[in-house]
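Worksheet: the structure to be examined is printed underneath.
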Amino acid sequence: MAGESPKPRSHGMFQPRASARPRPLMPGQAAAGAFRVKVLTILPEMFPGALAASLTGKALTARIWSLEVLDIREFAGNKHRTVDDTPAGGGPGLVMKPDVVAAAIDHAQADVPEDRERWPVIYLSPRGRPLTQARVRELAAGAGLTLLCGRFEGVDQRVLEAREVEEVSIGDFVLTGGEIPAMALIDAVVRLRPGVLGNAESIEEESFSRGLLEHPHYTRPQVWEGREIPEILLSGHHAKIAEWRLSQATRLTKQRRPDLWRAHTSDEGAADGDRELSDAPTSATKGGQTKDRER
Ligand code: SAH
């Protein structure tokens, strides 16, 4: 639906061509049933980046998911393709303009399901609700995602409100832009789509899946620099091994993440058993975080 964009130069299979027209990275890539990801960024050349490697890259080639990269600058009305302006009220830095960002979001959403549960619009932001494995699972159960990557000081508040954008943080630290956080989120979500991981069990066992951190792993050699693999793991006694792993997971969680441990114990025996982030406070403050529940 957008106007014609300049002729693409060929950069190989995964090279994103940013344009005002959302397009798959490879022709026909948005296969039926594929999980579709749209990324809004002023640095389209950063994608697919690390996502082209290993499991996410294979899944991209296999059309388990598709990636459409939109250059926010294409939606700037003026010749200079200005996407930012000085902050109202003064202060350092620049703020991404609401009209430009809204045009990019509207374009991205034009051909996607309106149901925001199936296809949320997410702004990666240090102010957002911290991402958890529970939220990753919910996202992976949807049809797709539109991710807005901020730069500079961030995005004008009004567009976030007007377009009902969800803010998600990848942790209590500040990066220069939302592109790496978007990649982290995409990686976590795509990883849970059927056919991406070889061994489905690894999803059941891993950190957070039961509200606990994962137990330690060992592999050959049996003795390395004088350190032995715990004997129980070599016993072949599956019930005892499971018990040992659970005790290690418990010990690590208590030690390193008392917040997770509290959530785990307070939820034990809860009727539905699943801890949903959507029930957690929206604040990214310390107080809010300790109440966030992961599983
Ligand atoms: N002034 C902002 C920081 C802007 S950092 C503040 O203090 O909150 C520039 C951009 O990087 C943000 O718009 C956001 O998209 C991204 N970003 C930085 N840290 C992030 C984090 N921890 N999680 C998700 N996105 C982050």
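The values are calculated or read from the model by the stated rules, or taken from the named source; none is laboratory data. Values in this document were obtained by computation on a predicted structure and should not be read as measured data. As a convention, Cβ positions derive from the backbone with ideal geometry for all residues, glycine included, and neighbour counts pool all protein chains shown. With ligands, DNA and RNA removed, areas are computed over all heavy atoms of the protein, side chains included. Shrake-Rupley method; radii C 1.70, N 1.55, O 1.52, S 1.80 Å.
Taking region 186-208 as the search range and keeping residues that are assigned to a helix (DSSP H, G or I), farther than 18 Å from residue 139 by Cα and open to solvent by 70 Å² or more (accessible area, probe 1.4 Å), which one is farthest from the ligand (Cβ to nearest atom)?
Going residue by residue through region 186-208, those that are assigned to a helix (DSSP H, G or I) are 186-191, 201-205.
Remaining after also requiring farther than 18 Å from residue 139 by Cα: 201-202, 205.
Now restrict to residues that are open to solvent by 70 Å² or more (accessible area, probe 1.4 Å): 201, 205.
Values: 201: 30, 205: 27 Å.
Checking each candidate, the answer is 201.
Only a single criterion out of (1) open to solvent by 10 Å² or more (accessible area, probe 1.4 Å); (2) among the acidic types (Asp, Glu); (3) part of a strand (DSSP E or B) is not satisfied by residue 74, namely (3). Considering each residue of region 229-252 in turn, none proves to be under 25 Å from residue 63 (Cβ atoms), crowded, with 17+ Cβ neighbours inside 10 Å and either charged (D, E, K, R) or modelled with pLDDT under 95 (or both).
Looking at 211, 273 in this structure, which one is part of a loop (DSSP other than H, G, I, E, B), at pLDDT below 75 and at positive phi? Steps first, please.
On the way: 211 fails: at pLDDT below 75.
Testing whether each residue is part of a loop (DSSP other than H, G, I, E, B), at pLDDT below 75 and at positive phi leaves just 273.
Of all residues in region 214-228, those being open to solvent by less than 100 Å² (accessible area, probe 1.4 Å) and of a type in the set (A, V, I, L, M, F, W, C) number 1. Reported count of residues in region 200-230, each being within 15 Å of residue 242 (Cβ to Cβ) and in contact with a Ser or Thr (Cβ under 8 Å, 6 or more places away or on another chain), is 2.
The criterion of at least 2 residues that are open to solvent by 40 Å² or more (accessible area, probe 1.4 Å) and within 7 Å of the ligand (Cβ to nearest atom) is met, among strands (runs of 3 or more DSSP E) falling completely within region 102-185, by 121-130. Number of residues in region 53-71 that are outside any strand (DSSP E or B) and farther than 14 Å from residue 182 by Cα equals 11.
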